[in-house]
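Single-structure report; data block below.
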Amino acid sequence: MSDFTDLWNEIAPIGRADSGGYLRYALTEPELTLRDWFRTQAARRDMLVTDDGNGNLFAWRGEPWAPGTVLTGSHFDSVPHGGGYDGPLGIVSAFLAADRVAKSRSIAIAAFCEEEGGRFGVPCLGSRLLTGAIAPQQAGALKDRDGISFAEALGKTPDGAQPARIGNLKAFVELHVEQGRALETPVGVASAIWPHGRWRMDFAGVGDHAGTTRMTDRHDPMLTFAFAVLAANKEARLTGAHATVGRVQVEPNATNAIPSLVRGWLDARAADTGTLDQLVDGVVRKVTERAGRDGTSLTVTPESVTDEVAFDEALAKQLAARLGNVPILPTGAGHDAGVLSAHVPTAMLFVRNPTGVSHSPAEHATDEDCEAGIEALAAVLEELS
Ligand code: HGY
Ligand code: MN
Ligand code: MN
Ligand code: MN
């Protein structure tokens, strides 16, 4: 068994649900267990572990935040019933790649907090705090579905931005499982992250009895919501963007009651900001018109909208060449690397996913390709550090 398989098997059972997917929400028991695993791996390598007061963990070979350090890593948290590779593959690979890099090289490994936004609603929360992209008070006040705030889960108000520390980093490299079906080689390099965002859409209507209310008297927000889902899908197909509504809340959420409120989150992404804006504006305009006809109302709240991230082109080309001219390709998925790239020379490596599926138990990468990813990451860390 290769050391990847051994290490992978250590974490595979942690937080796995009967669905075969993972329930690893930030700072909950399974993710805290993975943090303990992180500390054990660091200790085995005489690496000092620190946290930045924002929920992010770091393992250091040398002095924390020493100038010239090359940082690698990813995240442990998952979407509900997500795949096991999205995030953890970047951390397991980081430890094994570092093992193959001369001990004299200044390497560090990060486990960023709440990358998926699956618990507190804002993706890349830890890396946004570290870089100052979100204020500590705002982040600390974010609440999960049980009403627990991020500050309560963290045990303190987050410390927030640490520009001097980040400024010392020579580079950040995140290895991540491919999320899509583009790679025909075991490894690829990222060129860019698509512009993307989440928009909370609140549809307000008139709650009433499902059985006694005449159809002509209804102001049913579920109707307007259904129209919105179809409108987003149609606009995406027309514009080449990607859009879905994967999360819905209904009040009072009773079989025999016309809802008073339907809340749905639109996730939309596109290869360029113009196309993304066109999709969102088109959906909002059409759905607002429809709400007028349904006697309902629509309130749209943008949440964590992210512009395109173009990774350092020269660095991407340098690494792709170093790895044998592997493909350089964009991704529609957001990453902590996208947040750090505004502050540190940043690159991403992708490991082929034969199913192409992600945010689902069907997400997969073969041990062989994961080994190739570790070799590639080791070569990149060797080259950059
Ligand atoms: O949702 C995303 O883009 C990423 O997987 N966090
Ligand atoms: Mn993800
Ligand atoms: Mn991820
Ligand atoms: Mn990521």
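What to note about this one:
- Cβ-Cβ contacts under 7 Å between residues 6 or more apart (or on different chains), taken from a first residue in the stretch 67-95 that is under 17 Å from Ala378 (Cα atoms) and among the polar types (S, T, N, Q) to a second residue that is in a loop (DSSP other than H, G, I, E, B) and within 11 Å of ligand 4 (Cβ to nearest atom), are listed as Ser74/Gly87.
Residue by residue, here is whether (1) crowded, with 20+ Cβ neighbours inside 10 Å; (2) free of Cβ contacts under 8 Å to residues at least 40 places away in the same chain holds:
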{"site": "Ala12", "(1), (2)": "no, no"}
{"site": "Arg24", "(1), (2)": "yes, no"}
{"site": "Leu27", "(1), (2)": "yes, no"}
{"site": "Asp51", "(1), (2)": "no, yes"}
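- Here Arg119, Arg100, Arg105, Arg61 are screened, and the one residue that is modelled with pLDDT of 95 or more, within 15 Å of ligand 1 (Cβ to nearest atom) and out of contact with any His (no Cβ under 9 Å at 6 or more places or on another chain) is Arg119.
- Any hit, the stretch 302-311, residues being buried (at least 17 other Cβ atoms within 10 Å of the Cβ), more than 16 Å from ligand 3 (Cβ to nearest atom) and of a type in the set (Gly, Ala, Ser): no
- If you go through the stretch 300-327 and keep only what is more than 20 Å from the chain's Cα centre (by Cα) and aliphatic (A, V, I, L, M), you end up with Val300, Ala314, Leu315, Ala316, Leu319, Ala320, Ala321, Leu323, Val326.
- The set of residues in the stretch 217-262 that are in contact with a Pro (Cβ under 9 Å, 6 or more places away or on another chain) and not hydroxyl-bearing (Ser, Thr, Tyr) comprises Asp220, Pro221, Met222, Phe225, Val250, Glu251, Pro252, Asn253, Ile258, Pro259, Leu261, Val262.
- Remark: pairs (first residue in the stretch 130-144, closer than 18 Å to Asp51 by Cα; second residue of a type in the set (Val, Ile, Thr) and open to solvent by 40 Å² or more (accessible area, probe 1.4 Å); Cβ separation under 7 Å; 6+ apart in sequence or on different chains) = Pro136/Thr157; Gly140/Thr157.
- Residue count, the stretch 111-128 (criterion: aliphatic (A, V, I, L, M) and farther than 17 Å from Leu71 by Cα): 2
- Among the residues of the stretch 114-154, those that are of a type in the set (D, E, K, R), assigned to a loop (DSSP other than H, G, I, E, B) and open to solvent by less than 40 Å² (accessible area, probe 1.4 Å) comprise Glu114, Glu115, Glu116, Arg119, Asp144.
- Residues that are open to solvent by 40 Å² or more (accessible area, probe 1.4 Å) and of a type in the set (A, V, I, L, M) within the stretch 155-203 comprise Ala161, Ala164, Ala182, listed in sequence order.
- Count - residues of the stretch 217-268 that are within 28 Å of the chain's Cα centre (by Cα), of a type in the set (Ser, Thr, Tyr) and open to solvent by 70 Å² or more (accessible area, probe 1.4 Å): 1
- In the stretch 18-27, the residues that are under 20 Å from Glu174 (Cβ atoms) and either outside any strand (DSSP E or B) or not aromatic (Phe, Trp, Tyr) (or both): Arg24, Ala26
- The residues of the stretch 356-368 that are touching a residue at least 60 places away in the same chain (Cβ under 8 Å) and surrounded by fewer than 20 Cβ atoms within 10 Å (Cβ to Cβ), listed by number, are Gly356, Val357, His359, Ser360, Pro361, Ala362, His364, Asp367, Glu368.
The values are calculated or read from the model by the stated rules, or taken from the named source; none is laboratory data. Values in this document were obtained by computation on a predicted structure and should not be read as measured data. Cβ sites come from the backbone with ideal geometry, for glycine too, and all protein chains shown count toward neighbours. Ligands, DNA and RNA are excluded from the accessible area calculation, which covers all protein heavy atoms including side chains. Shrake-Rupley method; radii C 1.70, N 1.55, O 1.52, S 1.80 Å.
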